[in-house]
Amino acid sequence: MRDFEAAGPTPYWRTRWTALTALLRAVGHVLDKIDAARGGELKEAIAQAWAELNKTKPEPRIFWDFIEQERNNVLKIYEVGARLNTTLRPGTVYMSRSGQDWSGPSGPTTYEAFIQSGVYGGRDALEVCREAIAFWQRYLDRIETAAGLKSEPAV
């Protein structure tokens, strides 16, 4: 994510967004193809978590309407759902009749990445990505707990 943040005002912004959304979806594929291959309770926990996720569709929206949908948009039809706004703030020029013209300082150029449409339309792209990462952290924690790899945190 830091790489994406750093790419804001560069020509690499679009390719880094593509990589970020692909990696967000790859978590589920790695669970299915790599981690589940270990077998046993882990395989069962992964299968159960996936079955529950499918059963609650379209919830959680962060998975179905962002992680899954944006990955499909970007990788299957190369339609990027996020945009980068660049705001330039030029200085003010003052002209006088006496010929003593001057200009005020320009403001900072800012860059804002936002989701273009859908459930997350108008939202900051990095904020939505952080929500997606938090979703995966909770999802993985539940799988690890169900597989006996992690104990339930004390409340």
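The values are calculated or read from the model by the stated rules, or taken from the named source; none is laboratory data. These numbers come from a predicted model, not from an experiment. Every residue, glycine as well, gets a Cβ built from its backbone with ideal geometry; the counts of neighbours run over all protein chains shown.
Points worth noting:
- Close pairs from the stretch 69-83: first in a loop (DSSP other than H, G, I, E, B), partner among the aliphatic types (A, V, I, L, M), Cβ under 9 Å, at least 6 apart: Val80/Val74; Gly81/Val74; Gly81/Ile115; Gly81/Ala125
- Of all residues in the stretch 51-78, those being surrounded by 11 or more Cβ atoms within 10 Å (Cβ to Cβ) and either at pLDDT below 95 or within 19 Å of Ile133 (Cβ to Cβ) (or both) number 18.
- Residue pairs whose Cβ atoms lie under 6 Å apart, separated by 6 or more positions or on different chains, with the first residue in the stretch 32-57 and farther than 13 Å from Leu140 by Cα and the second at pLDDT below 95, are Glu41/Ala147; Glu41/Gly148.
- Residue satisfying all of: in the stretch 79-98; over 16 Å from Phe114 (Cβ atoms) and in contact with an Asp or Glu (Cβ under 8 Å, 6 or more places away or on another chain); modelled with the highest pLDDT among these: Met95
- Boolean, Trp13 is out of contact with any Lys or Arg (no Cβ under 6 Å at 6 or more places or on another chain) and at pLDDT below 85: yes
- Output for the stretch 112-126, where each listed residue is touching a strand residue (DSSP E or B) at 6+ places or on another chain (Cβ under 8 Å) and of a type in the set (Phe, Trp, Tyr): Phe114
- Taking the criterion of being surrounded by 14 or more Cβ atoms within 10 Å (Cβ to Cβ) and hydroxyl-bearing (Ser, Thr, Tyr), the residues of the stretch 104-135 that qualify are Tyr111, Tyr120.
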